[in-house]
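The values are calculated or read from the model by the stated rules, or taken from the named source; none is laboratory data. From a predicted model like this one, the values you see are computed outputs, not experimental measurements. When we count neighbours, we look across all protein chains shown, and the Cβ atoms used for this are built from the backbone with ideal geometry, even at glycine.
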Amino acid sequence: MWELRHRGGGGPGPGGEAASPPREGEAAGGDHETESTSDKETDIDDRYGDLDSRTDSDIPEIPPSLDRTPEILKKALSGLSSRWKNWWIRGILTLTMISLFFLIIYMGSFMLMLLVLSIQVKCFHEIITIGYRVYHSYDLPWFRTLSWYFLLCVNYFFYGETLADYFATFVQREEQLQFLIRYHRFISFALYLAGFCMFVLSLVKKHYRLQFYMFAWTHVTLLITVTQSHLVIQNLFEGMIWFLVPISSVICNDITAYIFGFFFGRTPLIKLSPKKTWEGFIGGFFSTVIFGFIAAYVLSKYQYFVCPVEYRSDVNSFVTECEPSELFQLQSYSLPPFLKAVLRRETVSMYPFQIHSIALSTFASLIGPFGGFFASGFKRAFKIKDFANTIPGHGGIMDRFDCQYLMATFVHVYITSFIRGPNPSKVLQQLLVLQPEQQLNIYKTLKTHLTEKGILQPTLKV
């Protein structure tokens with residue numbers, strides 16, 4: 001536990017809670033005056049003290065998480081060493097989570113979006129709770145309430161933008177939604193301003209620095225969780241394959257790096273994560289690239305995975321039906337000379353997406369783990385083993401998705417930079433929302449343009 005360094009004492013006692021202020025007539029330390037019970041401002045100052053004098057060593061140790069391993073597993077594995085017991089617990093829970101993930105994939109795109117949203121909220125809760133345990137010990141107001149308020153505001157902004165982009169035909173039929181979409185950014189800004197003003201009104205004298213620190217904590221948490229989960233959903237709309245291959249590559253790298261490290265690990269990789277080894281890192285890399293290449297080949301065969309996810313107003317549901325693009329059609333590629341001699345063939349047939357999958361899986365295995373290292377540094381800074389104890393043997397949800405958020409950003413940038421072209425369906429949806437006069441002007445402009453290029457024949461004037 002920690003001790004807060006007041007100039008004359010009076011810091012928090014064991015458990016991280018603030019010690020009671022000195023009673024009237026008692027000395028609060030060599031440099032403190034006797035507390036006046038009628039002076040509320042002095043009472044606040046004495047309660048909070050000089051909080052800005054804290055150093056890293058003053059960070060409170062958060063109590064260790066409770067063990068939530070099911071009793072049936074504890075009994076079944078009671079005879080094993082702690083190392084092998086952890087191995088089996090992690091393995092069983094990993095297979096369970098993968099099975100549930102397959103079930104949600106079968107249930108469709110909408111359920112995957114709900115899953116992403118649920119994970120986002122849980123990750124936000126785990127990170128904010130760490131700050132709240134430090135912050136709440138001073139009984140300062142509004143931090144947790146404002147944190148969740150800002151989460152709602154940011155989600156309202158991002159998902160409102162998604163509603164406007166992908167569900168324009170549905171919005172066009174609902175008059176109330178048209179108003180919300182038209183003024184969406186102004187409403188979002190007004191909601192944020194309300195939270196901003198509430199934060200300013202909650203400031204407590206001699207505690208400003210810590211409160212601004214926690215204000216920044218909330219916003220960085222929002223940046224990590226909400227914006228990244230929004231990018232995950234944007235990737236999903238490009239086609240489920242852009243969601244599944246990157247996520248499964250990170251999962252594969254996490255599992256195979258753990259297995260190689262468990263059995264062959266000898267050389268430490270990074271001080272932030274003492275259990276990570278070079279053997280696990282290298283073994284995970286090659287396994288992930290091979291897995292990504294095979295997964296891309298399997299998924300590219302099915303429209304369900306490769307077609308962009310669209311909302312069809314006529315059937316009132318999401319659909320994944322299309323003519324697959326060239327990215328998901330088999331192509332013949334000439335092999336390099338050294339491979340021709342090994343494979344004894346001139347060409348090989350594969351999907352172009354498989355080449356992209358190599359780039360995705362390479363990032364997942366070489367750069368993705370740095371998201372985990374970042375999370376390890378964060379946990380060490382606050383002297384905790386895991387973000388939470390949601391999943392036995394794994395820690396919290398954030399412990400399992402620390403690499404996924406970094407991967408989501410890369411995939412979004414990759415699609416934008418190398419893959420995505422103009423989306424005719426999205427352009428058409430936006431055109432249908434315009435006023436008739438605007439639609440007519442666009443029609444005339446497009447007709448003139450196509451006529452000048454010789455695609456359309458000029459209309460004869462009578």
Count, please, the residues in the range 133-165 that happen to be at pLDDT 80 or above and over 24 Å from residue 433 (Cα atoms).
13
How about the range 176-201: which of its residues are aliphatic (A, V, I, L, M), under 26 Å from the mean Cα position of the chain (by Cα) and under 26 Å from residue 165 (Cα atoms)?
181, 187, 190, 191, 193
Say we look at the range 391-448 and pick out the residues that are among the hydroxyl-bearing types (Ser, Thr, Tyr) and surrounded by fewer than 17 Cβ atoms within 10 Å (Cβ to Cβ); which of these is modelled with the lowest pLDDT?
425
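This table checks each residue for (1) touching a strand residue (DSSP E or B) at 6+ places or on another chain (Cβ under 8 Å); (2) farther than 17 Å from residue 252 by Cα.
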position	(1), (2)
323	no, yes
330	yes, yes
358	no, no
371	no, no
390	no, yes
409	no, yes
Mind listing whichever residues of the range 364-390 are closer than 23 Å to residue 282 by Cα, more than 15 Å from the chain's Cα centre (by Cα) and surrounded by 15 or more Cβ atoms within 10 Å (Cβ to Cβ)?
365, 366, 373, 376
Restricting attention to the range 338-395, the residues that are at positive phi and assigned to a loop (DSSP other than H, G, I, E, B) number exactly 3
Quick one: in the range 267-279, which of the residues that are part of a loop (DSSP other than H, G, I, E, B) and modelled with pLDDT under 90 is nearest to the chain's Cα centre (by Cα)?
272
Do we find a residue being touching a residue at least 60 places away in the same chain (Cβ under 8 Å) and under 23 Å from residue 126 (Cβ atoms) anywhere in the range 193-207?
no
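Yes/no per residue for (1) in contact with a Ser or Thr (Cβ under 8 Å, 6 or more places away or on another chain); (2) at pLDDT 90 or above:
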{"position": "187", "(1), (2)": "no, yes"}
{"position": "207", "(1), (2)": "no, no"}
{"position": "231", "(1), (2)": "yes, yes"}
{"position": "234", "(1), (2)": "yes, no"}
{"position": "252", "(1), (2)": "yes, yes"}
{"position": "285", "(1), (2)": "yes, yes"}
With buried (at least 20 other Cβ atoms within 10 Å of the Cβ), touching a strand residue (DSSP E or B) at 6+ places or on another chain (Cβ under 7 Å) and not β-branched (Val, Ile, Thr) as the only criterion, which of 318, 281 stands out?
281
Selection over the range 366-383 where residues are without any contact (Cβ under 8 Å) to a residue 60 or more places away in the chain and within 19 Å of residue 407 (Cα to Cα) yields a count of 6
Any residue in the range 343-360 that is closer than 28 Å to residue 86 by Cα and in the same structural domain as residue 298 (by TED's automatic domain parsing)?
no
From 220, 204, 232, which residue is closer than 18 Å to residue 144 by Cβ and within 14 Å of the chain's Cα centre (by Cα)?
220
Those residues of the range 451-462 which are loosely packed, with under 11 Cβ neighbours inside 10 Å and in a helix (DSSP H, G or I) amount to 452
